[in-house]
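The values are calculated or read from the model by the stated rules, or taken from the named source; none is laboratory data. Please read these numbers as outputs of a predicted model, since none were measured by experiment. All Cβ positions, glycine included, derive from the backbone under ideal geometry; neighbour counts span all protein chains shown.
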């Protein structure tokens, strides 16, 4: 997606002011929740800085040699770094390659730009290597670090970057952008935004009807396991379909909402307002303590599945088996989730 996103314009103007005053920092930390278009903004900025004939507002022309190379992912003065293959993290070799790239003279006499698509994915050795690069910026270079969890980055990294903070747009602006992008006769843009915590691109991601139906099937499967109508091992198979991390994030959000519904009969806000009556019914079978236990277990499950090489299906079977336990005061299997 290369379009200009309306909620980015204030940040764009801020950076154009930096450029006009020749005060653009050598490293920018683009921070904000998932679904606000940080990568879209980073690519827009990178293409504009490399463009041979930028427009008056600072955007790229879209037609020059540099723009064509950039769109073809082959511009010699631009590099992007992300997790590759089956790896769970960005390694030191990738950061060393980035450092070497920035040390070379620009091919076209302008910026050398490096985009780290998820700086939170760097392992400890890669972080130390990146720190050296940040401490010794090379010439006319720019590092763009993208993070959905900036507070989890080392202070040494954050302190060497200019923070560009992305916020959710106002609801009317988000709905105005989202509505023409979704089938509003089948999916309510307002509900999609509420489920996505106001992040328009996250809402767009789940606007696919098949994906939306998959979410409801997962909830139905989890509810059946929780009330003893379905075997956990059988249910785990359906949870392995689609994006596993997204599936588990749904699980986390359901438990968060059940806790809210157990504490207040009409909570001011729910992540899943369309499932409110079903979540309230499911929450009624567990104590509040038990719900917090299940939430902790779901968060651990997500962490293990997204950062380690665990047997995901086995972990799901363990989690679902514990959700089906009849004793509402029983605890999840602590040793398995701390392995």
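Look at segment 110-128: where a residue is in a loop (DSSP other than H, G, I, E, B) and a partner is surrounded by fewer than 22 Cβ atoms within 10 Å (Cβ to Cβ) and at pLDDT below 90, sitting 6+ places away or on another chain with Cβ atoms under 6 Å, you get 111/140; 123/89. Of all residues in segment 281-291, those satisfying the criterion of being surrounded by 15 or more Cβ atoms within 10 Å (Cβ to Cβ) and touching a helix residue (DSSP H, G or I) at 6+ places or on another chain (Cβ under 9 Å) are 282, 283, 286, 291.
Give segment 199-215 a look and list any residue that's in contact with a helix residue (DSSP H, G or I) (Cβ under 9 Å, 6 or more places away or on another chain) and touching a residue at least 24 places away in the same chain (Cβ under 8 Å), or say none. 199, 200, 201, 202, 203, 204, 205, 207, 211, 212, 214, 215 - these are the residues of segment 199-215 that are in contact with a helix residue (DSSP H, G or I) (Cβ under 9 Å, 6 or more places away or on another chain) and touching a residue at least 24 places away in the same chain (Cβ under 8 Å). For residue 111, the test of being over 26 Å from the mean Cα position of the chain (by Cα) and in the same structural domain as residue 156 (by TED's automatic domain parsing) is passed. Of all residues in segment 185-198, how many are surrounded by fewer than 20 Cβ atoms within 10 Å (Cβ to Cβ) and either modelled with pLDDT under 85 or on the phi < 0 side of the Ramachandran plot (or both)? The number of residues fulfilling the criteria is 8.
Restricting segment 199-217 to residues that are at pLDDT below 85 and in a loop (DSSP other than H, G, I, E, B) leaves a set whose member that is farthest from residue 276 (Cα to Cα) is 208.
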